[in-house]
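The values are calculated or read from the model by the stated rules, or taken from the named source; none is laboratory data. Every value quoted in this text rests on a predicted model; they were computed, and no experiment measured them. Every residue, glycine as well, gets a Cβ built from its backbone with ideal geometry; the counts of neighbours run over all protein chains shown. Remember, those area values only see protein heavy atoms, side chains included, never the ligands or the DNA or RNA. Shrake-Rupley method; radii C 1.70, N 1.55, O 1.52, S 1.80 Å.
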Amino acid sequence: MGNPKWVLAPWAVLLLLQLASASHHARLSLETEAASPSVPASIVSPLLRTGYHFQPPMNWINDPNGPLYYKGWYHLFYQYNPKGAVWGNIIWAHSVSRDLINWIALEPAISPSIPTDQYGVWSGSTTILHDGTPAILYTGIDRPSVNYQIQNIALPKNASDPLLREWYKPGYNPIAVPMAGINATQFRDPTTAWFAGRHWRMLVGGLRPGTLRGEAILYRSRDFKHWVRAKHPLHSALTGMWECPDFFPVGKAGVENGLDTSEYGAAAGVEKHVLKNSLDLTRYDYYTIGTYDNVKERYVPDNPTGDVYQRLQYDYGNFYASKTFFDPVKHRRILLGWANESDSVAHDKAKGWAGIQAIPRKIWLDPSGKQLVQWPVEELEKLRGKPVNVGDKVVKPGQHFEVTGLQSYQSDVEVSFEVSSLDKAEPFDPAYSNDAQKLCGIKGADVKGGVGPFGLWVLASADLAEKTAVFFRVFKDGYGKPIVLMCSDPTKSSLTPDLYKPTFAGFVDTDISSGKISLRSLIDRSVVESFGAGGKTCILSRVYPSMALGKDAHLHVFNNGETDIKVSKLTAWEMKRPLMNGA
Ligand code: DQQ
């Protein structure tokens, strides 16, 4: 017999053997997959994990859930698979932050534990109740085979804990079940509730049975326990299922301050309401701006065809299942959205992670009153290093120049462009007025134009074989009015096979008659998040360069049009790494 210290119980021996073999298998499969042509080594490079975007240390994430500010902390919950890098086993993971940029991971907030959520805890929102306590409304799945979707509530075990670490599910769950007229498999994602008159109200996303009518199903409650469905939805449209609806008031056009979700009426500064839905069919987040009548319980979009034609999107790229919340400290409304990967499932498994959250954006009504404007929260600027400046530099047709003096693979770049003349703007084909993305697919970054394409090549390799283009192109309609297209073209972003590389695009409703237009791009290793014309049009792209990684990534300004473009000012900053969930 040896030293008794080293004698392990048979169960412990078995466990150790299992662990050793599991980790061996995991490593082996990672290595073999990495060596296989479908998972090249560059894909698993840590240089593709984002540096300052929200990510847990590993595994799959999707929708942001229930963001809120509470007793000095911003809270973000999110859909998370603790067991792998693909969707499944979803729980509500939980992180907290003082500034929306540095994040600390806490224990998960909600996991399946009651009959009405035993097969899944899906997306939802938080509401601050009258006594200051937050309540989470979320969707539960109660049976294994059919997705029968039920709405539940969870409350903090200890509301005096600013970190809201523990949540319980009261015995009166569920609070809403799919009854007649509701499609049980398409009934989910309750919104933040708002208080109007004597009632709380909230929305649940749905699809009217037997139709393609997406709807925001409206519920009312006096006590936040018993919820009654209103006779008609708050709004609906023939678009397919509405996931993750969001509904909130905005102030006067151009006023950047946000409003609490329950604010109502001109005296409270409410100008309009915004209704957003995440459209399952297209995987984009669309919104309308309109008028809400809390007596008739109706919301009417200003643009009667805005739900289906020339739709407004928060982001014209990879950005989905978003949610806003009101920040009472800085009096602003903040938007969070999920950006999925656009590599393959095999890549994600090999990487061991999938999904990020976009940088939190402040959101408000544009001076035109016709759309929203978004801008990265000001706290992000704390991560900026020393600025690199370029000023008054003309880029002739067909030319480009490199911005040097920084490692641009993790950077923030702001550029002000000046177009010397709009004379050569190409005629606009009205057939594309409802399809900016298609237009950009045809007129990509390498297709020469009259005014533009001009913009940035980011995450570019030294030989420019790899580069992601973010750019503008100006057209003129039949009356000579300029039409500005903003595009993100990742078709040359990587030599890696099996990547999804869609061109993304949106029109920019800006007055370019003075020739001026700005662009800001947040570049972060495998994400390029861009804001055109001060945040009027936003596009987030995921890209996975195979050569333009880390210090081998370059940044250029290019002009592929026939008209001179001046960079009146460009400032670029390397970005530091914030605290990111302990990763
Ligand atoms: N993701 C959740 C659903 C929601 C969808 C499930 C949107 O609640 O409808 O993870 O991405």
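Looking only at the stretch 62-90, which residues are in a loop (DSSP other than H, G, I, E, B) and within 15 Å of the ligand (Cβ to nearest atom)?
Pro82, Lys83, Gly84, Ala85, Val86, Trp87, Gly88, Asn89, Ile90
Mind telling me which of the residues Arg283, Arg332 ends up being basic (Lys, Arg) and away from the ligand (no atom under 16 Å from the Cβ)? That would be Arg332, the only listed residue that is basic (Lys, Arg) and away from the ligand (no atom under 16 Å from the Cβ). Here is the figure for the stretch 117-132: residues that are surrounded by 20 or more Cβ atoms within 10 Å (Cβ to Cβ), more than 18 Å from Ile356 (Cβ to Cβ) and either within 16 Å of the ligand (Cβ to nearest atom) or outside the structural domain of Ile359 (by TED's automatic domain parsing) (or both) total 7. In the stretch 246-273, of all residues being over 28 Å from Tyr284 (Cβ atoms) and not in a loop (DSSP other than H, G, I, E, B), the one that is least open to solvent (accessible area, probe 1.4 Å) corresponds to Ala268. The one condition from (1) out of contact with any Asp or Glu (no Cβ under 9 Å at 6 or more places or on another chain); (2) surrounded by 17 or more Cβ atoms within 10 Å (Cβ to Cβ); (3) not basic (Lys, Arg) that Ser408 does not meet is (1).
Filtered by the rule that a residue be over 18 Å from Pro190 (Cα atoms), assigned to a strand (DSSP E or B) and small (Gly, Ala, Ser), the stretch 91-141 gives Ser95, Ser97, Ala105. If you go through the stretch 502-519 and keep only what is within 21 Å of Asn340 (Cα to Cα) and surrounded by fewer than 19 Cβ atoms within 10 Å (Cβ to Cβ), you end up with just Pro502. Which one is farthest from the ligand (Cβ to nearest atom), of the residues in the stretch 178-190 that are open to solvent by 10 Å² or more (accessible area, probe 1.4 Å) and in contact with an Asp or Glu (Cβ under 9 Å, 6 or more places away or on another chain)? Out of the qualifying residues, it is Gln186. Only one of these is away from the ligand (no atom under 16 Å from the Cβ), in the same structural domain as Ala154 (by TED's automatic domain parsing), surrounded by fewer than 16 Cβ atoms within 10 Å (Cβ to Cβ) and in contact (Cβ under 8 Å) with a residue 40 or more places away in the chain: Ile114, Ile104. Name it. Just one listed residue meets the conditions, Ile104. Residue pairs whose Cβ atoms lie under 7 Å apart, separated by 6 or more positions or on different chains, with the first residue in the stretch 146-164 and over 23 Å from Cys244 (Cα atoms) and the second not in a strand (DSSP E or B), are Lys157/Glu166; Asn158/Glu166; Ala159/Thr133; Pro162/Lys71; Pro162/Gly72. Considering the stretch 520-570, and only residues there that are β-branched (Val, Ile, Thr) and closer than 30 Å to Lys370 by Cα, the residue that is surrounded by the fewest Cβ atoms within 10 Å (Cβ to Cβ) turns out to be Val567. With the requirement that a residue be under 15 Å from His53 (Cα atoms) and surrounded by fewer than 18 Cβ atoms within 10 Å (Cβ to Cβ), what does the stretch 376-385 give you? Glu378, Glu381, Lys382, Arg384, listed by residue number.
Of the residues making up the stretch 191-245, just one is open to solvent by less than 20 Å² (accessible area, probe 1.4 Å), within 16 Å of Leu281 (Cα to Cα), hydrophobic (A, V, I, L, M, F, W, C) and part of a loop (DSSP other than H, G, I, E, B), namely Met241.
For Gly181, the stated conditions hold: it is farther than 19 Å from His75 by Cβ and of a type in the set (Gly, Ala, Ser).
Within the stretch 431-463, work out how many residues are open to solvent by 40 Å² or more (accessible area, probe 1.4 Å) and either among the small types (Gly, Ala, Ser) or assigned to a loop (DSSP other than H, G, I, E, B) (or both). Going through the stretch 431-463 one residue at a time, the tally reaches 10.
Sub-6 Å Cβ pairs linking a first residue in the stretch 177-190 that is farther than 22 Å from Lys323 by Cβ to a second residue that is more than 16 Å from the ligand (Cβ to nearest atom), at least 6 apart or interchain, are Asn183/Pro209, ordered by first then second residue.
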